[in-house]
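Beneath this line is the structure, given in structure tokens, with notes to follow.
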Amino acid sequence: MSTTLNAPPGSRSVHASFVPELVYFDPAAFDYPKGQRILEWVKERNIPYRMTTSHNRITDLPGNTEQEKYKIAKRTLVVGIRKTLKFDTSKPSAEYAIPIATGCMGHCHYCYLQTTLGAKPYIRVYVNMDDILDAAKAYIDERIPEITRFEAACTSDPVGLEPITGSLRELIEFMAGQEYGRLRFVTKFHDVDSLLDARHNGHTRIRFSLNNKYIIRHFEPSTSRFEQRIEAAAKVARAGYPLGFIIAPIIWHDGWEAGYTELFESLHKALPKDASSGLTFELIQHRFTKTAKGVIEKRYPRTKLEMDIEKRKYKWGRWGQGKYVYPDEQAKALRMFISERIFEYFPDSTIDYFT
Ligand code: SF4
């Protein structure tokens, strides 16, 4: 069962795992076992599928208006081969972005993929895992004796795709055997069950992107709900993975203090007692560029996301255009309050940064 696009945000207390409504295959994908497996998966579910010559150029997506095409694209899976095996850098949290998927079925109003993926919001997964792993190995070898970290969620949310691809499990088990390699990824999805018994050797850090209920309900449609993410985090902690949380975007709204208190209290109740040590938190306040504001207002015209530049502080960008963040006083209040709650409930954890 899939979630429906027309359901109002937050109308479901449970988010079902992603099932695409349309699938495209690059015929070359059938030369790989993963491509074959995904085809079987698609057939078993009677999902309509088509062939394409290039996973980078899907030109016949259904839909009459831009808005419709966008919604359909977010429910469309494209199965192809990753040809570019030069990895992008992913500083500061990792050295490289490891490409196993591009695009996401979530509808987070503020998502940066809306501007970075432009006209290609459909979801691409790559089946040539051996090529990707060989490239990762070469990057690791190049830097020995330094540790090389790979981020798997730079252009996608791979956990939501895991029941279809199994690619994360392969990456995790590969990295378990790499003395000098580490993997990390972040997710707003709960589909972690198939990862729990993977051999990880402590080399993969799984981070959940969490927020208070108000923000998840209003701004993160088509992602796993508050309780689902917390439950998944507890499972990951019990499976012995290094665990972390990205609290983002931190948004100032009526009742934010109560909302964030509830978040850390719920997390504390759900996680095993010894989870605090080694836990990391990354705190990111809401920000937007002028370009993003334009795209968001077009895609989600009824959004309650506050993007009034008069109420924000302009922060110059080192590359490209600057961003609008909260004025210093508000940012400080958010940082202080949230940091205090974190240390109240998780005294042995680390806050990596607030930005
Ligand atoms: S889950 Fe992450 S990648 Fe997906 S739409 Fe939301 S913010 Fe974007």
Highest mean packing first, using Cβ neighbours within 10 angstrom, the peptides 292-301, 21-30 sort as 21-30, 292-301
Output ordering of 240-249, 328-337, 172-181, 202-211 (per-residue mean of other Cβ within 10 Å, highest first) is 202-211, 240-249, 172-181, 328-337
Simple SL model, points at 7 angstrom along Cα→Cβ for LYS315 and GLU262; separation in nm is 2.7 nm
Summed over the other residues with a beta carbon less than 10 angstrom from that of THR165, with K and R at +1 and D and E at -1, the charge totals +1
With label points set 7 Å from each Cα along the Cα-to-Cβ direction at ASP141 and LEU85, the distance between them in nm comes to 1.1 nm
Long-range share for the chain, i.e. C-alpha pairs more than 29 Å apart as a percent of all pairs, stands at 41 percent
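Since every read-out is calculated from the coordinates, none of them should be taken as a lab result. Just so it is clear, the model here is predicted, and its values are computed rather than measured. Counting neighbours? That spans all protein chains shown, and the Cβs are built from the backbone with ideal geometry, glycine included.
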